[in-house]
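A.B. asks: First the structure, which I've put down as structure tokens, then a few questions once you've had a look.
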Amino acid sequence: MINVAELGIYKVKLPLPFKLDHVNCYAVKGRRGWSIVDTGLNYEPARRAWLDFMAGRGIKPGDIAGIYVTHYHPDHYGAAGWLQQISGAPVYMSAIEASLAEKIWRRSNEDREIIAGMLLENGMPQDLVARILTGMDEMIPRVNPHPRVTPISDGEEVPLGDHHYRVVLTPGHSDGHACFYHEQSGLLLSGDHLLPKISSNISLWPHSHPNPLDNFLTSLEENHRLNVSLALPAHGDCFSNVQQRVSELQEHHRERLELMKRIASRGATVYQVCREVFGDRLSLHEIRFAMTETLAHLVYLEKRGELRVSKVDGRYIYSA
């Protein structure tokens, strides 16, 4: 087993106000300062957890040399601007993710209407759409202030502590999601791309790639080429059965595609398929992800010619 302490890596477990109640961020100690991987939400419990961690190890804000963000989702990106503000450290993320952060977290009324239109056209009731948009708007203060971002690219070597890691872009969960790979030890900081117990949410949004599930399955296939001995994920415990986990995720999506194809074959909206697969006891946060994940799967099937889609009375209907 890799000794992560020898690489200077500390896990910083930050609270989240969701059913998935934590995010793992990582602080990496080096002779020239600390590197941070992911930042949590910018809200008081997470800020307090960061300050407690720093005080417990004698870290001054100015000791932070770089902040690396795997992707633009709020539990990873949210406190990046605050940490940059108190430390002066550069914030690094892929150019794709930086662009998505701008589009999503600084969205205009027009963008809001586009999201609403997508949900309505795929069968979600109007009152539920309104509540979901309100919930999304409530997240915006938790990603402010926005950082000044320096882009990083696939294959680039970046310093985390005293070691260099290769940036590995793994599109799917998000279009420009970045993992960080230390080839000498086989350690992978896997963000939300590879998780030990749950499957990453693969969602289709108006600003995202038109076929994110295809991206994700391609990324999983390419993961088989990496010699990973240990993965440090954003949620859950570290795990060493990485190749097995990749295969499990591939099988999970094969089964989910078969289930959704069977339901949609008799004619259904995305919302109807979503409710049949995920049930009707979801929070607003959960139904949003369930809906857009269902859409990603049905679009994948439609693009492969396994389903067809038509528009009836302003609603998209998928069928065999």
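Values in this text are rule-based calculations from the coordinates and carry no lab data. Because the structure is a prediction, the values reported are computed rather than measured. Note that each Cβ is placed from the backbone with ideal geometry, even for glycine, and that neighbours are counted across all protein chains shown.
A.B. asks: Give a residue-ordered list of calculated ³J(HN,Hα) values for region 114-119 (Karplus: 6.51 cos²θ - 1.76 cosθ + 1.60, θ = phi - 60°; whole Hz; x for Gly, Pro).
C.D. replies: So the J values, rounded to whole Hz, are 5, 4, 4, x, 4, 5.
A.B. asks: Still on this structure: Hey, got the dipole for the chain? About the Cα centre, +1 on K and R Cβ, -1 on D and E Cβ, debye to the nearest 20?
C.D. replies: Dipole of the chain, to the nearest 20 debye: 340 debye.
A.B. asks: Can you put I152, I36, I263 in order, fewest other beta carbons within 10 Å first?
C.D. replies: Starting with the residue having the fewest Cβ neighbours, the order is I263, I152, I36.
A.B. asks: In percent, what relative contact order does region 4-319 have, based on Cα pairs under 8 Å that are 6 or more apart in sequence?
C.D. replies: With pairs under 8 Å counted, the relative contact order is 15 percent.
A.B. asks: Amide H to amide H, which residues 5 or more places from S200 or on other chains are under 5 Å from it, using H placed in the peptide plane?
C.D. replies: Sorted by chain and number, the residues that satisfy this are L195.
A.B. asks: Taking θ = phi - 60°, what integer Hz values does the Karplus form 6.51 cos²θ - 1.76 cosθ + 1.60 yield along region 48-62, in sequence order, with x for Gly and Pro?
C.D. replies: Working through the residues one at a time gives 4, 5, 4, 5, 5, 4, 5, 5, x, 10, x, 8, 8, x, x Hz.
A.B. asks: Mean-square fluctuation check for the chain, GNM, Cα pairs under 10 Å: which of T170, T269, T70 is largest?
C.D. replies: Of T170, T269, T70, the most mobile in the Gaussian network model is T269.
A.B. asks: Quick one: Karplus J couplings for region 37-46, per residue in order, coefficients 6.51, -1.76, 1.60, θ = phi - 60°, nearest Hz, x for Gly and Pro?
C.D. replies: Rounded to whole hertz, the list is 10, 6, 9, x, 6, 8, 9, 4, x, 6.
A.B. asks: D for region 4-319, whole µm²/s, Stokes-Einstein with Kirkwood Rh over alpha-carbon pairs at 4 °C and 1.567 mPa s: what number?
C.D. replies: The calculation lands on 64 µm²/s.
A.B. asks: Tally the DSSP beta bridges in region 4-319 and give the antiparallel ones as a percent, rounded to 5.
C.D. replies: 70 percent
A.B. asks: Among the aspartates and glutamates, select those whose C-alpha is under 15 Å from the C-alpha of K60, and discard any that sit fewer than 8 residues away in the same chain.
C.D. replies: D52
A.B. asks: If you don't mind, there's one more thing I want to ask. Please list, ordered by chain and number, the residues whose modelled amide H lies under 5 Å from the amide H of Y165; skip anything fewer than 5 residues away on the same chain.
C.D. replies: Hits under the 5 Å cutoff: V158, L160.
A.B. asks: Which of the trypsin sites (Lys or Arg not before Pro) found in region 224-302 are in a DSSP loop and have at most 11 neighbouring Cβ atoms, other than their own, within 10 Å?
C.D. replies: Passing both the DSSP loop test and the Cβ count: R225, R266, R281.
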